[in-house]
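The values are calculated or read from the model by the stated rules, or taken from the named source; none is laboratory data. Because the structure is a prediction, the values reported are computed rather than measured. So basically every Cβ, Gly included, is an ideal-geometry build from the backbone, and we count neighbours across all protein chains shown.
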Amino acid sequence: MREIEIKQIEPKEMISYFKNLTEEELTSEEFLTEFMLKRLGVGFRERDFSIEEGEYLPTKGIKMKIWPDELARLLILLYKRKNDINSYLEFGTGKGGSFYIIDSYLRAINPNMGRSVTIDTKETPPWGFEEYKIQNPQVEYYGMRTQNFNMDEKYDLCFIDANHKYDGVKWDYKKVKDYCKIIAFHDIATVNAKKPDQHCVRHLWAEIEADHKIELVTTDPRISFMSGIGVIWND
């Protein structure tokens, strides 16, 4: 597998980058993790991880707030079902890290990939979105609360990463559960250090029943706390 240099990547460059990867690279947790660390960077506080400066992008970048190995494992899971995922909906855009990576990856591995929508309370879309949309006219950004989004169509994949309080994430889940084939949740293992008894994503995750329920939690010893991605779908 090729070497990855520490260099900022722009959103509009991601699809072509993924298209140029081999199948081995596209399905390698180690390679995808290194790509995210070195080309996008992480947006957590430095005290939350002990990754050496020469192993990740220290400045600028999208600064995704998802542990790279967890997201890498999600991408590999999606690769196994690439022909079944032709649309994508994300609640909680933030700086766009997860949206750009997941959407670009899906478009690179599935030529039939169509509409994608990402939603956040910020009025303006994340850095690079205008250029990304010119390249991919089927993507949309809506600056609104997820509660106000009209679920008038179905999506093959949904990623919930907006309001992390129990009532908020439960509302988002109830909104999408009958409209999405595969639903992923971020922060299924996160505990609020200041309020450890606070009900949040992990409590909803424990309540959900599905035919298939998978937990993707970091095993990277350089990371000081668990976040976790949970994925469900029914046959």
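Being more than 21 Å from Trp233 (Cα to Cα), surrounded by fewer than 17 Cβ atoms within 10 Å (Cβ to Cβ) and either at pLDDT 95 or above or in contact with a strand residue (DSSP E or B) (Cβ under 9 Å, 6 or more places away or on another chain) (or both) holds for only one residue in Glu209, Glu123, and it is Glu123. Among residues that are surrounded by fewer than 19 Cβ atoms within 10 Å (Cβ to Cβ), modelled with pLDDT under 95 and not β-branched (Val, Ile, Thr), Pro221 is included. Selection over region 29-64 of residues that are under 23 Å from Lys80 (Cβ atoms) and of a type in the set (Val, Ile, Thr) gives a count of 1. Before we move on, is Thr190 crowded, with 20+ Cβ neighbours inside 10 Å and on the phi < 0 side of the Ramachandran plot? Answer is no for this residue. Go through region 88-115 and give me each residue that's surrounded by fewer than 22 Cβ atoms within 10 Å (Cβ to Cβ), outside any helix (DSSP H, G or I) and either free of Cβ contacts under 8 Å to residues at least 40 places away in the same chain or over 14 Å from the mean Cα position of the chain (by Cα) (or both). If the condition is that a residue be surrounded by fewer than 22 Cβ atoms within 10 Å (Cβ to Cβ), outside any helix (DSSP H, G or I) and either free of Cβ contacts under 8 Å to residues at least 40 places away in the same chain or over 14 Å from the mean Cα position of the chain (by Cα) (or both), then Asn110, Pro111, Asn112, Gly114, Arg115 are the ones that fit.
For Lys195, the criteria (1) more than 22 Å from Leu37 (Cβ to Cβ); (2) charged (D, E, K, R); (3) at pLDDT 90 or above hold in every case but one, which is (3).
In region 40-57, the residues that are in contact (Cβ under 8 Å) with a residue 24 or more places away in the chain form Cβ pairs under 7 Å with partners that are polar (S, T, N, Q) and assigned to a loop (DSSP other than H, G, I, E, B), at six or more places apart or across chains, as follows: Asp48/Ser224; Phe49/Ser224; Leu57/Gln8. Give me the residue from region 57-84 that is surrounded by 15 or more Cβ atoms within 10 Å (Cβ to Cβ) and on the phi > 0 side of the Ramachandran plot and, out of that set, nearest to the chain's Cα centre (by Cα). My answer is Lys63.
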